[in-house]
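Worksheet for the structure shown next.
Throughout, read-outs are computed from the coordinates displayed, never taken from laboratory work. The shown structure was predicted, so the numbers you read here are calculated from the model rather than taken from an experiment. No Cβ is skipped: glycine too gets one built from the backbone with ideal geometry, and neighbour counts run over all protein chains shown.
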Amino acid sequence: MQFIDDVDSDDNSLISKSEKRVSSTVELAKKLGAKRVDKSLKDSSDSSYLVTSDDIDNFLSSKDSSENKNSISIDDDRVNHYNSGQFIPFKFRGEAKEYFKIWIVNIALTLLTLGIYSAWAKVRNNRYMYSNTYLNGSNFEYNASPKRVLYGRVIVFLFYALFLLFSDVLYNQTLALGVVAIFLLLLPWLIRQAISFRLKSASYRNIHFRYHGQTRSFYKLVLVIIILVTILFLPLIISKYIDVNSGFISLLSFAFTFLFFIIGIPILYLKFKELIINNSAYGNSLFRFEATKSSVVGLFIKMAFATTIVSLIIGVITIVTSSGFAKILNITDLNLKSDISVLLTTTGVSFIYLVSIGLYKGINDGYLSNFTRDHTKIVNGELKGTISPFKLGFISMTNIFVVIFSLGLMYPWAKMRYLRYKIENTHFKCKEYTQFSSDGRDRGSTVGEEAVDFFDIDIGV
């Protein structure tokens, strides 16, 4: 330390040396942030301020700890929640203005490069979303290489171009169906690769996520789906080859369909989530999905009830509104051949369709997101969802109209709004963040992810 270097080496100056050390130490303590030296730093046998460097470290550490506690109400992100054991909300700091610049440039460059830049656009978009998502003061990162994304996208594009060549140019439907069959055979592998690539491209606190699921597990799940669908259409198959009463066949078909939607689909959803989450890991720590069959069946019944209520409300509003417009316009007999009737009917149907789609999407997404979060755990940590399904439905519905009436220019704002609500209503509880570690990460394939995106298939990671 500087005050030690300044000490006189003369043996006769030991007293002045001691005094200089005391004075310099006190001044150092004040310079480092202590407005006054606490009484606990005094030597009880002397009135002078005799403190050591260890005393200063302890004093400043306790001071910093006190300041952190006092700053909790000012900015939660500045607080270190290690060992707190409390649920901490995720934070999303993305801004519509910032994202608009990225979004508009991505669109322009993608068009100018005939789609080639779309790989870089996707990486830029994901990096912005991940880097603005925070947990306990640290943000997530997206580390995918644009070139690797482009390679996967080119392969998928060539695959699709091959189908169009056989189907629409050469008019060889047999080969076109063969291409479709090959794609369907590869689909389980593509989905598995998509999940693996997305997880391996994400990291938090320099620790990457991983996926350990095996491809054969996806093929087993597809086999179960094929069996259930075959059972669903079993009454029709029976009626085709066996002379059976049509009323009995109709009743049997209704029963099978009811069971498929009430039990079959929820169980398939549960198995799919187990396949994804139970094979996902943060570093060396595996996630666990602890939902039961009864809980997932109850969830789908709740979702069906909620969407039914919403449909009834929309129906009543539609009838009342239609009657009101009919009276205002003095329409007593609807003539579908007239321009005004066609315009009103088309506008009304389109409006109801958009309202319904927006509400259903948000409501179902809210229920499913909460369910997934509430049943996902990792080591000594767990997630919790506090999303209001109906509020998310309202956000989704109004976003659709905002985007339409702004001719698409408000899309960045709508996306930020939707993501912010979902992310900031997700919470995580962990007693010790430093328990997580990693031995490194593997590089995944981009082909599966690009196939999923290209054909607009939501794998629900």
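Here are the numbers:
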item: At R0 = 56 Å, FRET efficiency that the Cβ-Cβ distance of SER246 and GLU95 yields, to 0.05; result: 0.35
item: Full-stretch length increase - LYS431, ILE314 - with 0.36 nm per residue and alpha-carbon distance subtracted; result: 37.5 nm
item: Label-to-label distance, nm, for residues given as SER131 and ASN278 (7 Å Cα→Cβ offset); result: 3.8
item: Label-point gap, in nm, between THR321 and LEU170 - each point 7 angstrom along Cα→Cβ; result: 5.0
item: Cβ-based exposure ranking for TYR418, TYR211, in which fewest neighbours within 10 Å come first; result: TYR418, TYR211
item: Cα-projected label distance for ALA255 with SER294, points at 7 Å along beta-carbon direction, nm; result: 2.5
item: For HIS212, HIS427, order by how many other beta-carbon atoms lie within 10 Å, fewest first; result: HIS212, HIS427
item: Unit Cα scatterers, Debye sum, the range 241-321: log10 I(q)/I(0) for q = 0.11, 0.14, 0.19, 0.20 Å⁻¹; result: -0.55, -0.74, -0.91, -0.93
item: Descending Cα extents along the principal axes, the range 286-435, whole Å; result: 71, 38, 20
item: The range 191-284 - convex hull of the alpha-carbon atoms, volume per residue in Å³; result: 88
